[in-house]
Every structure is written in structure tokens, then in C-alpha cells.
Amino acid sequence: MTSPPVPEVPATRLRLHAWLLSDIPNTAFQARCQRAWFGWRVLRSNPIAMAGLIIVLSLILMAAFAPLLTATDGIIQNLADRLQPPSAEHWFGTDQLGRDIYDRIVWGSRITLYIIGLVTVIVVPIGLAIGVISGYVGGIVDQALMRFTDIFLAFPRLILALAFVASMGPGIENAVLAIALTTWSPYARIARAEALTLRNSEFILAARTQGASTLRILFRHVVPLCLSSMIVRLTLDMAGIILTAAGLGFLGLGAQPPSPEWGAMISAGRQFILDQWWVPTVPGLAILTVSLGFNLLGDGLRDVLDPKNASK
Amino acid sequence: MSDTGKPLLEVEDLHVTYATPKGPVEAVRGVSFTLGREKLGIVGESGSGKSQTGRAILGLTERNGTVTAKTLRFDGVDLLTAGKRTLRNIRGKRISMILQDPKYSLNPVMTVGRQIEEAFLVHQKSSRSVARQRTLEMLKAVRIRDPERVYRAYPHELSGGMGQRVMIAMMMIPEPDIIIADEPTSALDVTVSLQVLAILDDMVERLGSGLIFISHDLNLVASFCDRVLIMYAGRVVETCRADELDKAIHPYTRGLLNCLPRLDGGGETLPTLKRDPAWARDPVPGS
Amino acid sequence: MAVGDVATRRRAGQGVWASLLRAALAVARVLASLALTFLGLTAITFFIGRVMPIDPVLAIVGDRARQDVYDAMFLQMGLDKPIYIQYLRYLGDVLTGNFGISIQTSRPVIYDLLHFFPATLELATIATLLGVFLGVPMGVLAAVNQGRLIDHVVRIVGLIGYSMPVFWLGMVGLLIFYARLQWVPGPGRLDIYFDGLVPPVTGMLLIDAALAGDWNVFDNALSHIILPASILGTYALAYIARMTRSFMLDQIRQEYILTARVKGLSETRVIWRHAFGNVLVQLVTIIGLTYASLLEGSVLTETVFSWPGIGQYITNALFNSDMNAVIGGTIVVGTCFVGINMLSDLIYRMLDPRVRS
């Protein structure tokens, strides 16, 4: 009784596979890779999360390869060609100044990415710093920092952004600052909660007995462990951030014309909605798709990183 | 075994299978027994399928589980083909179940009194005041000293022992023919659990109901029940009378008995149970 | 005799006074938190309005004001005094409702705010009601049928509703229901010939018309509010359905649900009386949060529908560089936002028996 012939698998792939699945990792690096691999497997099995991931990746790729994907820079006007309906030449039609809408959408993706990138870069470090210090050090520092955080927790995002921009003048950076101001609090709370649980764990105690300074402990040990919940929260918040930014753009408070910011495109195209519906509708669909993508991805990531929520 | 001559509950070749992402998992694999107005103990470790057996009898297996059996009959009613209405009429009124931990098994936002009343009113058209009266009587019967106060209390305000007594009161108030007690004292301290067991025993005797006592504690079951069923990996590996337990033949039962510490033990190290995969596979000796 | 009785005996000493005291403390704690957040809000708006602009006086009087107006405002704002005195003055002004004069309307800002606020309140209320009465059953239905088609449908509808730019949806809604189908009338709260027919008691047309018994005005107001409220309510619907589903799923797998089924209760009673009963308290907080968000989010919807509410007031003020109005509006909406959030938190604490004791 011989078994059927096994198809030939390249030796390197087999080795990588075995390395990823082995029961006992030999190095910290291997352990991390294994965890990432299992997380990826779970994510991959969730079609909704994968859809989200594809959308987000498309956004990033679109922004990165914008020059290759477009015929124009989205800004040059061509009044002879204005308000053309979607066709083979102009996939999404043209707007009131003759600019190809598809091109503008693609270039606009850079602005979207810029906004969310900037917000992330401000919010995550501040939230982490305040939360981790608050949770780890405890006592009066904790109380004071948490009071401070709580004040911002209940602030209305859009209204404050409006006030901010009213005072500082319109522009992407001001809009980003306003959004960041009202977004960082939950991250501080999350980081604090994690730091509190970790504070008393044995490996921290071990590091302290080895003489590690508080700062080192915080950076090398506590912060990395807070990151996964923060990432989930960030992805889930991302849609809200995009919508707020688009809202500001709609009001003319974000990127200024002729910048192809999606919210501003909707506003500018508003008067044409009756007969040239594609002018304001397409940017809106773009915003919807990107928000949806982040929400789907966020849901999926939450299932991966917090298994007890998996049924939802 | 039962004093009316005909068994109350007949279970023959019961199978409970769950559909999981990794494939079907059989939690209960061919369990058979009968129950009259007696106390039957089902002993097994976690995963042996004992709780699932109890749930299958009540028709409360989870949605991704399938229950099949040659016979699953209660007092002449075929539980496998019974309609939802019939099953609902049976639950609570004829067959009832006491769950393990009152911290979780009682509704946290309803007062204890209302929950017990509800158990009464669902099977008996009656007024609130009659229900309240019956509830207070029941609370007294389970030896709660201040029934009025407990009636108004919320579950989280009660200790474990009190919560279980409330559970007993709630499940006994419709006067069922069979009580399934699923690990009723596993969440309690030893002293409290003895009191609760005494109350359970008393109530069962008074009503003349049959009792299925599910537990992982062989000693407890042996001292409390008339007959014992030992389950392993979803199957019944041994059936015997409680007072004849030392004559048990299956190696798993013997293993369990040997693991129990005894006062006159002799001081040697206790043996650990060595599990033989054959117990899950092979036909049971004597069946 | 039983050990367990000691536990209840210990609690026997707590009577009505003790629970009142606890309730009072809880309220006091929330009020303190509210006060602190309010202070924070005023500090931020002070910073935005007075500290950040290069010339805060110009921001208020406009760059075409005469020199004496400028000087008068300078003194009035106390810009010659140190910062903390300015802040205290500012705080005093805010607490007495003195937000200054609006450039656009030349009226005190507070007057304008009181005039425009009810419209926003009405819109947000109807939108929230829509969200609750549609979203909650959807969420429950989805949870009870987890994994089946209806569940997927609700989840997708929820996800889309929550990822949607509301102002864009408003535009599309106007296109379809106003321009193409002509099912709803045009912008504004009332057709012109109905304007002023009903005495303004609350400022909310539906209530005022009902109070006056004028059903024509009521119908007209309803037809005007239905589209913007539906659009605004989409977000509420999506969020509430999603959260209800999530809470219900949490509850359905709890042990006490099994107990309820064991008792022989009908599935309807198990779901609504037991599972939903436990969800209700959490839902209150969610509804509060949603209401607050809608109050704030109406800013964009009002712009699209030309709805004369606070949102539109603030955006117009923005375009006219009317700093007083912007700051005043921000503080009022901000305070409502914060207040509603805290109120829902308080209600949660009072309703949940576990938190109460």
C-alpha cells in the first residue's frame, strides 16, 4: 500500500511554512512573526475585513502612484470641455472648469491620506505619552492627567474645528490641528488602561530589578503592548476623521481651491447637481467608500486582536 | 426503579453534535438511561458531555447543535418531535433546571421576587398577589430568613448560597416532575454547598420529583444520589447504584475512585488518572 | 442560621436616606465633572478667540471699523490687562450669557442664539426619534437572527449609514425627493404663506402648531422637516442599530437567558423582557451620545437644506468673520453636547441597579 505521489513543493516555501508554524519559537523575532502570521490568517478568513483592507490599500496605492494613474494634474482647467458626462475619455466626467473628475479624485486621495496621516502622527504619540505616564506612575499625576483628558473627551469635534478655523483661517493644517485636538482623549484612556494592567506584571518587575529606568520600561515594554488596541481604535475612528475633514472641506475650511479635496469638490459641484449629477456625486462616493473601507477594516482588526468580540 | 412502574424519562442513544469551523464535534455520543422518581447522578469531567445531555433533554441545545436519539421521551411525549409550544409547556412546569452560578444565571436587572413570580405565572394563570404569596412561601421553604427583603433584592445583593436557594425556589415553584441540577454547588464554598444540598434534597423529597444531579464530584454524587452514571468523552462508561460504587468495573471509574483522598488512606502519594483513549473509542464493557 | 443571611442583614441597615445620599453624591460628582469640562471649553474658546488671532479686536469689530469703535472694544475686552484677568472677565461674560454683539445682525449674540436654537433642537430631536424607533428594532432583529440574511443586511446598512458623509446624502436626497420626485417641498421650515401664523411658544414649529391646534401648519412643517430629519437620522439609525445589535448579542449568550428559557417563557418574552431589559440602560447612554452628535452634526445638514438653525448661523458667522457669533455658538452647542453626554451618564448610573448600590 503506497501513498499517492506528493507534489513537489519548493524547499524554501516548506521551510518558511514550518518556521511560521513551529510550536516553539527560537527567537523573539520568530515569535512576533508567528503572531503576525496567525493574525493575518484570522483576518484573511473574514471577508468583510478583507474588503476593508483592499479598499484601504487601494487608497494608499492610488495616492502613491497618482502621477502614473492620471492623465492630468487635476488642476489645469479646460473650459471647452466643461461639464461633460462620464465617458470613455473621462471616466467620471468633467467638472465646471473642465477638469477630469477621475484625475481629481486620484490626486485628492493624497490629500485624504495626508490628513489622516497628520492626525495619526499627532494623536497617537500624545495619547500614548499621556496615557502611559498616567497609568504607570499613578497617584496625583494620574488624577491630574485624567481630569485633563476627560475635559477633552466630551468636546464636539466639528464645532470646535469650525471655531478653530474661524480664528486661524482656513487650511488643511488648521483643520488637522482642530480634529486632532478633539480626537486624542480616547487614546490616552486606552493607553492608561493598558498601562495600569501592565504595571504590576512580573516582567515589568523583572525589568525594574535589572535596573531599567522608568523611561526605558515605558518605551521598550509598555508602549509596544498598548499599540494593538490603539491601532484598532484608530482604524475605527478613521472614518469619523475623514468625514469631519470632508465636512470642513465642504464648508470651504479645509484645503483651498484649486486643491482637489473631495469635500470641497462636493461643495463646488453642488449647484450642478440637477443636470450634471456626477460633479458632486462622485467625490461623495469616494468619501463613502474610503470611510466604509476603514470601518470594515477596523471591525476585522478588532476581531483579530480581541477575540472575544469575534461574533460581532 | 420508579414507584409508578413506568420511567418518567427515557433516553436512548442520544447524540448531540456541534457544527464548528473545524468540523462537526460530537459532545454527546450515544447516551442512554431511564429516570423514574429517583435521584440519578451524572458524573464526568469538563467536556464529558454531561451538561449537554441535560440541555438536550430540555431542547435547549445551542443553535449550531443537532440532537438525535432513538428515543427521547418524557411521560409519553416525544421530545424530539414535540412542537415549540409543547416544549415550552414542559419547560419549567414539568422539567426544570438549576444552573451553576447565581451570579450569572439570574437576571441582574430584575428583582428576585419578580423572577420567581415569573416562573410561577408563566404556567399558572393567577393574580400578582397570589404569585407574590407563593413566592414568599417558596423563599421560606428554601430557608431564607427574611423573605420580604430578599423578594425586593437584586441578584447581585445576595451571596452565593442565597442566590442558589433563590434559584432552587424559582425552579421548584411550578412543581416540576424532573429537576436537572447542573453543578448546583460547584460555585459555592463547602459549608454553604452542604446547606444548599440539604435544601435541594428536602424539596425534591417533598415534591416527589425525579432528580438528575450533574457534577464532576464523584464523592458528592455518590453520597447524594440513588444511582450514578459515569460519563467520559460523551459516552456513559458505567452505570451503577450509588452504594455499589466500589464494585465499579470500568477503569475510568476505578481511576476516579482511586484518586479520591481518604482519611484512612495510608499516606502514600495519590495516583493520577491515566486516560486511555480506548475509553472514548471502544464499546463500553457490560453495555 | 445560614451564612448567607448575614449578607442581607448587613444591608438591612441601609434605608431610604442612605440611598438618597448616594444618589446626591452621584449627581454632585457628575455636576463637578460637567463644571470642569465647561471650564475647559471656555478656556479653549478663549484661547481660540482671544489668544490665537493676531488681533482679536479686529476679529470682532471687523476690519472696517472706525478707530474709536476699535478703541472702545479694546477697553471693553480688557486687552490691556493680564491674560488671567481677561479670562476671568470672559468667563464672567459667558456665565451671564453675554457673548457680545453679532456683526451680521447687530443684535446680541445670545438673542440670535436663542432665536435659532429651537430649529436645530427640533431637527435633532426628530432625527434621533427616527433613529431610535427604526434602529432599535433593527438591532434586536439582527441579533436574534445572527448569521442569517437579515443580520447581514442590517450590518451592511448600518456600516454604510455610518460611513456616509451626511451633507452629501442630503444633496442626493434633495435631488431625488425634491427635484425629481417632488415628494417634499423646498428649503426652509415652512412655506412662506404659513410663516408667522402660529404663536411661537417653544420655537419648535411642530409643538407650537400642535399647541395652537393648527394642523395645516403642522402638516406643512412636518413635510419640510421630514427629509432633513431622515438624512440626519441615517447616522443615528446606523449607530443605534449597530450598538443595539452588539449589546443584544452580548446579552443573549448570558446564562440568565438560558434560565429564562428553562422557565418556559416564550421567545418574545425572553428577548424583550430579559435580554432587552438589560440592554435598555446602555442604550440610554448611546441615545444620549447620538443626540449630542446630531445637535453638532446638524451644522452641515442645515447648510444643505437652508435650515435656519444654529448650525447655519455659525457657518454664516464664519464666512462673515463674525467672531463673537462663532465663539458664542460654539460655547452654546459645546455646552449642550457636553451636558447631554453627562446627563446620559447620570441616567445610566441611576437606572442600573448594579451601579446604584
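Please count how many residues of segment B:1-32 are touching a Pro at 6+ places or on another chain (Cβ under 9 Å) and closer than 22 Å to residue B:245 by Cβ.
Taking segment B:1-32 and keeping what is touching a Pro at 6+ places or on another chain (Cβ under 9 Å), we get B:1, B:17-18.
Add one more test, that the residue is closer than 22 Å to residue B:245 by Cβ, and what stays is B:1.
Of the residues in segment B:1-32, 1 are touching a Pro at 6+ places or on another chain (Cβ under 9 Å) and closer than 22 Å to residue B:245 by Cβ.
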Worksheet entry | Which numbered condition residue B:107 misses (of (1) at the interface with another protein chain (Cβ under 7 Å from one of its Cβ atoms); (2) farther than 20 Å from residue B:158 by Cα) | (2)
Worksheet entry | Neighbours by Cβ (under 8 Å, 6+ apart or cross-chain): first from segment B:26-38, under 10 Å from residue B:235 (Cβ atoms) and touching a residue at least 60 places away in the same chain (Cβ under 8 Å); second of a type in the set (S, T, N, Q) and surrounded by 18 or more Cβ atoms within 10 Å (Cβ to Cβ) | B:26/B:17; B:28/B:52; B:28/B:53; B:31/B:53
Fill in: helices (runs of 4 or more DSSP H) contained in segment C:42-108 and holding at least 1 residues surrounded by 15 or more Cβ atoms within 10 Å (Cβ to Cβ), of a type in the set (Ser, Thr, Tyr) and at negative phi
C:67-76, C:83-95
Item to complete: Identify all residues within segment B:142-161 that are at the interface with chain C (Cβ under 8 Å from one of its Cβ atoms) and free of Cβ contacts under 8 Å to residues at least 40 places away in the same chain; write none if there are none.
Response: B:144, B:145, B:146, B:149, B:150, B:157, B:159, B:161
Practice prompt. Please find, among C:260, C:292, the residue that is touching a Cys at 6+ places or on another chain (Cβ under 9 Å), more than 14 Å from residue C:144 (Cα to Cα) and crowded, with 24+ Cβ neighbours inside 10 Å.
Written response: C:292
Worksheet item: Taking segment A:261-284, which residues are modelled with pLDDT of 90 or more and not in a helix (DSSP H, G or I)?
Response: A:261
Fill in: Enumeration of residues in segment B:222-263 that are outside any helix (DSSP H, G or I), among the charged types (D, E, K, R) and free of Cβ contacts under 8 Å to residues at least 12 places away in the same chain
B:262
Worksheet item: Taking the stated definitions as given, is residue A:20 out of contact with any Gly (no Cβ under 6 Å at 6 or more places or on another chain), modelled with pLDDT of 85 or more and surrounded by 11 or more Cβ atoms within 10 Å (Cβ to Cβ)?
Response: no
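Only one of A:35, A:110 is free of Cβ contacts under 8 Å to residues at least 60 places away in the same chain and surrounded by fewer than 14 Cβ atoms within 10 Å (Cβ to Cβ). Can you tell me which?
Working: A:110 fails: surrounded by fewer than 14 Cβ atoms within 10 Å (Cβ to Cβ).
Of the residues listed, the single one that is free of Cβ contacts under 8 Å to residues at least 60 places away in the same chain and surrounded by fewer than 14 Cβ atoms within 10 Å (Cβ to Cβ) is A:35.
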Response to the item:
When every residue in segment A:256-285 that is touching a residue at least 60 places away in the same chain (Cβ under 8 Å) and buried (at least 24 other Cβ atoms within 10 Å of the Cβ) is compared, the one farthest from residue A:177 (Cα to Cα) is A:279
Discussion item. Can you pull out every residue in segment A:175-188 that is without any contact (Cβ under 8 Å) to a residue 60 or more places away in the chain and either more than 14 Å from chain C (Cβ to nearest Cβ) or not hydrophobic (A, V, I, L, M, F, W, C) (or both)?
Written reply: A:182, A:185, A:186
Fill in: So residue B:87, is it hydrophobic (A, V, I, L, M, F, W, C) and more than 10 Å from chain C (Cβ to nearest Cβ)
no
Worksheet item: Mind checking whether some residue in segment A:229-238 is among the small types (Gly, Ala, Ser) and within 14 Å of chain C (Cβ to nearest Cβ)?
Response: no
Practice prompt. Can you give me the number of residues within segment B:116-127 that are more than 8 Å from chain C (Cβ to nearest Cβ) and either surrounded by 22 or more Cβ atoms within 10 Å (Cβ to Cβ) or over 25 Å from residue C:281 (Cβ atoms) (or both)?
Written response: 7
Worksheet item: Tell me, which helices (runs of 4 or more DSSP H) lie completely within segment B:48-115 with 1 or more residues that are in contact with a Lys or Arg (Cβ under 8 Å, 6 or more places away or on another chain)?
Response: B:50-58
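I'm trying to understand the selection: among the residues of segment B:197-217, which are more than 14 Å from the chain's Cα centre (by Cα) and not acidic (Asp, Glu)? Before you say what the answer is, go through the steps one by one.
Here is the first cut: in segment B:197-217, the ones more than 14 Å from the chain's Cα centre (by Cα) are B:198-199, B:202-203, B:205-208.
Result: B:198, B:199, B:203, B:206, B:207, B:208.
Considering each residue of segment C:111-166, count those that are of a type in the set (Phe, Trp, Tyr) and either modelled with pLDDT under 90 or closer than 16 Å to residue C:238 by Cβ (or both), and give that number. Steps first, please.
To start, the set of residues in segment C:111-166 that are of a type in the set (Phe, Trp, Tyr) comprises C:111, C:116-117, C:133, C:162.
Of the ones still in play, those that are also either modelled with pLDDT under 90 or closer than 16 Å to residue C:238 by Cβ (or both) are C:111, C:133, C:162.
Number satisfying all stated conditions: 3.
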Practice prompt. Please determine, by comparing only the residues of segment B:50-84 that are more than 14 Å from chain C (Cβ to nearest Cβ) and small (Gly, Ala, Ser), which one is farthest from residue C:264 (Cα to Cα).
Written response: B:69
Worksheet, complete the sentence: Scanning segment A:124-156 residue by residue, those buried (at least 17 other Cβ atoms within 10 Å of the Cβ), more than 20 Å from residue C:43 (Cα to Cα), under 23 Å from the mean Cα position of the chain (by Cα) and not hydrophobic (A, V, I, L, M, F, W, C) turn out to be A:127, A:131
Practice prompt. Sort through A:296, A:301 and tell me the only one that's hydrophobic (A, V, I, L, M, F, W, C), at pLDDT below 85, in a helix (DSSP H, G or I) and on the phi < 0 side of the Ramachandran plot.
Written response: A:301
Worksheet item: Has segment B:157-167 got at least one residue that is of a type outside the set (Lys, Arg), surrounded by 24 or more Cβ atoms within 10 Å (Cβ to Cβ) and within 18 Å of residue B:94 (Cα to Cα)?
Response: yes
Practice prompt. Of all residues in segment C:152-172, count the ones that are more than 10 Å from chain A (Cβ to nearest Cβ), surrounded by fewer than 21 Cβ atoms within 10 Å (Cβ to Cβ) and touching a residue at least 40 places away in the same chain (Cβ under 8 Å).
Written response: 1
Worksheet entry | Which numbered condition residue C:251 fails, given (1) more than 14 Å from chain B (Cβ to nearest Cβ); (2) in contact with a helix residue (DSSP H, G or I) (Cβ under 6 Å, 6 or more places away or on another chain); (3) not charged (D, E, K, R) | (1)
Practice prompt. Only helices (runs of 4 or more DSSP H) wholly contained in segment A:157-245 count here; list those with 2 or more residues that are surrounded by fewer than 18 Cβ atoms within 10 Å (Cβ to Cβ).
Written response: A:172-183, A:185-199, A:202-209
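The values are calculated or read from the model by the stated rules, or taken from the named source; none is laboratory data. Because the structure is predicted, anything quoted here is derived from the model rather than measured. Neighbour counts run over all protein chains shown; Cβ positions are idealised from the backbone, glycine included.
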